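Presented below is the structure to which this report refers.
The values are calculated or read from the model by the stated rules, or taken from the named source; none is laboratory data. Everything numeric in this text was worked out from a predicted model, so none of it was measured. Here the Cβ positions follow ideal geometry from the backbone for every residue, glycine too, while neighbour counts run over all protein chains shown. Quick note on the areas: whole protein, heavy atoms, side chains included, nothing else; ligands and nucleic acids left out. Shrake-Rupley method; radii C 1.70, N 1.55, O 1.52, S 1.80 Å.
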Amino acid sequence: GTPQKYDPTFKGPIYDRGCTDIVCCVLLVLAIMGYVVVGVVAWTHGDPRKVIYPTDSRGQFCGQQGTPNEKKPFLFYFDIVKCASPLVLLEFQCPTPQICVSKCPDRYLTFLRAYASSTPADMDYYRNFCVPEFKDPRKGPIEVLKDKECPAMLIPSTPLARRCFPAIEAKQGVIMVGNETTYDDGRGQRRNVTELLEGAKKANVVLEARQLAMKIFEDYTVSWYWIIIGLVIAMVASLIFIVLLRFLAGIMVWVMIVMVILVLGYGIFHCYMEYAKLKGESGSDVSLVDLGFQTDLRVYLHLRQTWLAFMIILCVVEVVIILLLIFLRKRILIAIALIKEASRAVGHVMSSLLFPLCTFFLLCLCIAYWASTAVFLSTSNEAIYKVFNESACPFSGQTCKPETFNTTNVTKLCPDAQCLFAFYGGETAYHKYLIVLQFFNVFMFFWLANFIIALGQVTLAGAFASYYWAFKKPEDMPAFPLFSSFGRALRYHTGSLAFGSLVLAVVQVIRVMLEYLDHRLKAAENKFAKFLLSCLKCCFWCLENFIKFLNRNAYIMIAVYGTNFCTSARNAFSLLMRNIIRVAVLDKVTDFLFFLGKLLIVGSVGILAFFFFTHRIKLVQDTAPALNYYWVPILTVIVGSYLIAHGFFSVYGMCVDTLFLCFCEDLERNDGSPERPYYMSPELSEILLKGHLEPSKS
């Protein structure tokens, strides 16, 4: 209740509490137990080797240690032209034998030529690409090819994603393999190389995407060390900035504003210089529309239109920020004072600056468990074998068992039929409900991730609320405010946090389902369905952001009063609506200033990464790694820097929101008289009560 007069033993409302939303707490515990069971089942049935290693026609992994194929990491297709069949797109498997080999072929050679060769070296080389059972040298070549023990031909190939594809290259617009435009198919016919190209494309329907992915992976392997250094620089810069903000809040905010304007100004200048430098160069005036999409993004940097677009975007951002600073200059002064008060609170709870690392660690565990469970679930299918044949056969496409295939009627009715590995699947109840388990995995990931974030927010809010509601600061504060707040959150309010994160998780899962439906309907012509889906996506995006805003303030009220989630959300919303002018003007101005701080750190680290990875810093020009796409590490550093800066600034953001909500509550609980004194500090009282914002009347 509201104290009628100052009581030295009264320590604010944050200490009187009991357990809240117990039903949701029990529900969360049961869900976690179910999630563990799903993980154990997935790890029991799953086999990630199905993702890592290619699989031959017998369902064996290529390159797996401890198997006969340990030194045979590549998959070789007997006749890759067969992969041009439409069947590939249905079964995701070529109707031709596939074996594991130690290396891909590097020369043209037919089996007939190798068999008739006077030198045994040709046949010895050819044996590397035959099935392991081929050991009878007296067997005739026609029988060998009929039994499909050896391929009819070898073609110069290169490995891609551990699969041997023809080494196709274009010379002056002509498709060639090994400087040849035609090849001997091993059966006495000359065939065009373009047939190989069609087979190679169908053999890997995502060939270009895999090439892009492989190049990106290569870039990460050679630049990961420098990416980590860039992220460490961002972390150190964020920490230094936050510590300086603690002692020099006013100066640091103005320095931050000026630096952001200068960084954006330099970006505009750099874009203009690049734009002017490309004037008159051949090909630089090609429009982005005419060029189309290119996987090598460096191509765009040779176009004047690209730099013009960058320059216009940066100019718009610069003008918007300057106009906001001009119109909000008086509010910024008040916001700076609020940040100074937040700095004093952070100064008394210095451990809060490192608390985001704890939240980040828990989120990493959550992501790792979700990703590993998803991989094990997706690889827990069994090997399915199907009948493949070249001529018409009534059994084509039916499932079969390699062990008993030769004893069935299929081989009698279809002599050329083979029982080959097709894909991974299953007909058991477990395999039928795999999609349900994957859905549960995604849902639990969102629920637990939101719970971890909520736990971090309540912990920080409780620590900073203990500062605000201490009448004598810092004497009336607990010895370890952060740990005390963390203990209170887990002991009393796990159910409330589970409730809030559950509501948010349901909305996020619905958004994921809408995105999936949108992806499936892209090829559809129903414009009304697309319009309706777009409206739903927009509505649920707005709903998600509103719930995040409401949850954040509800968690503050939970930390302060210890009420259940629904009561806290209602009280927080009502309190904010009664102080809507302060919320719109003061709280959001501080958010804008913190956004400028993040922008400064991300922009500075991003510019440094750009100059480093593009070899423009002469001192370390030879140190920077050679890359396929230099935008890969740059984007990684920029995104990582933003997440790191957001983690550190979230402490100040939560502190400001908590102090602001406590301030509004303090105004309604007390009137500043000796009987009902304010709990706010004299500095905060002077700023907010004598400034431009008059106290609201409840």
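Regarding region 648-667, can at least one residue be identified that is surrounded by fewer than 17 Cβ atoms within 10 Å (Cβ to Cβ) and assigned by the TED database to the domain that holds V253?
no
Restricting region 19-46 to residues that are open to solvent by 30 Å² or more (accessible area, probe 1.4 Å) and part of a loop (DSSP other than H, G, I, E, B), which is farthest from T404 (Cα to Cα)?
This residue is C19.
Specify which of the listed residues (M273, M235) is open to solvent by 50 Å² or more (accessible area, probe 1.4 Å), within 21 Å of F310 (Cβ to Cβ) and part of a helix (DSSP H, G or I). Talk me through it step by step, then tell me what you get.
Working: M235 fails: within 21 Å of F310 (Cβ to Cβ).
The unique qualifying residue is M273.
If I ask for residues that are open to solvent by less than 60 Å² (accessible area, probe 1.4 Å), of a type in the set (V, I, T), under 30 Å from L684 (Cβ atoms) and more than 28 Å from the chain's Cα centre (by Cα), which ones from region 580-633 would you list?
Once the filter is applied, which keeps residues that are open to solvent by less than 60 Å² (accessible area, probe 1.4 Å), of a type in the set (V, I, T), under 30 Å from L684 (Cβ atoms) and more than 28 Å from the chain's Cα centre (by Cα), region 580-633 yields V583, V585, V589, T590.
Residues are listed down the side, and each one gets a yes or a no for (1) out of contact with any helix residue (DSSP H, G or I) (no Cβ under 6 Å at 6 or more places or on another chain); (2) at pLDDT 55 or above; (3) surrounded by 15 or more Cβ atoms within 10 Å (Cβ to Cβ); (4) on the phi > 0 side of the Ramachandran plot:
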site	(1), (2), (3), (4)
I142	yes, yes, no, no
D147	yes, yes, no, no
M153	yes, yes, yes, no
D184	yes, yes, yes, no
F247	yes, yes, no, no
V253	no, yes, yes, no
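Limited to region 385-413, what total is found for residues that are without any contact (Cβ under 8 Å) to a residue 12 or more places away in the chain and open to solvent by less than 90 Å² (accessible area, probe 1.4 Å)?
3
Quick one: count up the residues across region 96-123 that are open to solvent by less than 40 Å² (accessible area, probe 1.4 Å) and among the aromatic types (F, W, Y).
1
Which residue out of A489, A479 is among the hydrophobic types (A, V, I, L, M, F, W, C) and part of a loop (DSSP other than H, G, I, E, B)?
Testing whether each residue is among the hydrophobic types (A, V, I, L, M, F, W, C) and part of a loop (DSSP other than H, G, I, E, B) leaves just A479.
Please work out which one of (1) touching a residue at least 40 places away in the same chain (Cβ under 8 Å); (2) more than 30 Å from C358 (Cα to Cα); (3) in contact with a helix residue (DSSP H, G or I) (Cβ under 8 Å, 6 or more places away or on another chain) is the condition C655 fails and give its number.
All conditions pass for C655, except number (2).
Looking at L362, L328, can you tell me which residue is within 30 Å of V40 (Cα to Cα) and touching a residue at least 60 places away in the same chain (Cβ under 8 Å)?
Working: L328 fails: within 30 Å of V40 (Cα to Cα).
When all the criteria are applied, what remains is L362.
Quick check: is even one residue across region 544-564 assigned to a loop (DSSP other than H, G, I, E, B) and open to solvent by 60 Å² or more (accessible area, probe 1.4 Å)?
Within region 544-564, none of the residues are assigned to a loop (DSSP other than H, G, I, E, B) and open to solvent by 60 Å² or more (accessible area, probe 1.4 Å).
Could we say that G63 is assigned by the TED database to the domain that holds P159, of a type outside the set (A, V, I, L, M, F, W, C) and buried (at least 16 other Cβ atoms within 10 Å of the Cβ) here?
yes
With the requirement that a residue be outside the structural domain of F269 (by the TED database), modelled with pLDDT of 70 or more and not in a helix (DSSP H, G or I), what does region 286-333 give you?
Within region 286-333, V286, S287, L303 qualify.
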